[in-house]
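Engineer: This structure is in structure tokens; I'll ask about it shortly.
The values are calculated or read from the model by the stated rules, or taken from the named source; none is laboratory data. Keep in mind that what you see is a predicted model, and the values were worked out from it rather than measured. All Cβ positions, glycine included, derive from the backbone under ideal geometry; neighbour counts span all protein chains shown. With ligands, DNA and RNA removed, areas are computed over all heavy atoms of the protein, side chains included. Shrake-Rupley method; radii C 1.70, N 1.55, O 1.52, S 1.80 Å.
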Amino acid sequence: MKKWIVFVGMFALMIAAPCWGAGMEDFQSAELCFDAGSHDDALGFYQKAISSGELPDNEMAIARYTSAVILFLKLELDQSMSEINRLIEKAPDHIAAYGLRATLWVEMEKANGKDVGKNALPDWERALSLDPNDAFTFNDRGRYFAEKGQLKKAISDLERYIDLVPADCEGQQSLLKKLKSELGDQKCDAP
């Protein structure tokens, strides 16, 4: 069924193609494929659209960001990092790009065993300078601090996340309770 929907959508794009350049046509095809769950096809169309050089700035940012997300999902971390760096170079106020790059740093540290996760911190700081109420950044950074054993920082960020998104907090509240318990245990163990 998904393939049929993609086919109909692509046919509609072919009819509309004279109104757009090839880059915009590839972009629209990528969007349809992505929505249908055909990530490999979407990536191919996004890359063609980017290479065309014909996309307006907003569509170019979407194409680069979504390409980076797909590459991340495929665990092609270096390629994803390259794509997100290009996006940040052209759109230095793209909050989600900083969040994704921070996540990439953390995942690269886990995958390669190199201490590069700390490179995520400036990206989270940049995201928060652009939007001090970006809940996703508080959640991601709080979880990073928790993994690193920086309990006070983790608790602070996770509490801020819960303040911003109270309806979506069950997992964070459980983690927060655990971290507060660990922090209390550390205080009790101190001489």
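Engineer: For a Förster distance of 22 Å, can you work out the FRET efficiency between the beta-carbons of Leu75 and Asp115, rounded to the nearest 0.05?
Structural biologist: Numbers: r = 20 Å, r/R0 = 0.91.
Calculated transfer efficiency: 0.65.
Engineer: Once phi is turned into θ = phi - 60°, what whole-Hz ³J(HN,Hα) does the Karplus curve with 6.51, -1.76 and 1.60 give for every residue of segment 53-63, x standing for Gly and Pro?
Structural biologist: These are the phi-based 3J(HN,Hα) values: x, 9, 7, x, 3, 4, 5, 5, 5, 4, 4 Hz.
Engineer: In Å², and per residue, what accessible area does segment 14-127 have when probed at 1.4 Å with the other protein chains present?
Structural biologist: Numbers: 5720 Å² over 114 residues.
Spelled out: the 1.4 Å probe surface of segment 14-127, per residue, equals 50 Å².
Engineer: So between Asp40 and Glu159, what do we pick up on full extension, going 0.36 nm a residue minus the alpha carbon distance?
Structural biologist: Values: separation 119, 0.36 × 119 = 42.84 nm, distance 3.76 nm.
Here the answer is 39.1 nm.
Engineer: Right, next: Test of understanding: what is the full-extension gain from Glu182 to Ser82, defined as 0.36 nm times their sequence separation minus their Cα-Cα distance? Mind dumping the intermediate values first?
Structural biologist: Values: separation 100, 0.36 × 100 = 36.00 nm, distance 3.79 nm.
Once the chain is fully extended between Glu182 and Ser82, it gains 32.2 nm.
Engineer: Net charge near Leu128, counting Lys/Arg +1 and Asp/Glu -1 over other residues with Cβ under 9 Å of its Cβ? Walk me through the numbers before you get to the answer.
Structural biologist: Values: positive: Arg126, Arg141; negative: Glu125, Asp131, Asp134.
So the surrounding residues net to -1.
Engineer: Starting from the Cα gyration tensor of segment 71-191, multiply each eigenvalue by 5, take the square root, and state the resulting semi-axes largest first in whole Å.
Structural biologist: The three semi-axes for segment 71-191 are 28, 17, 12 Å.
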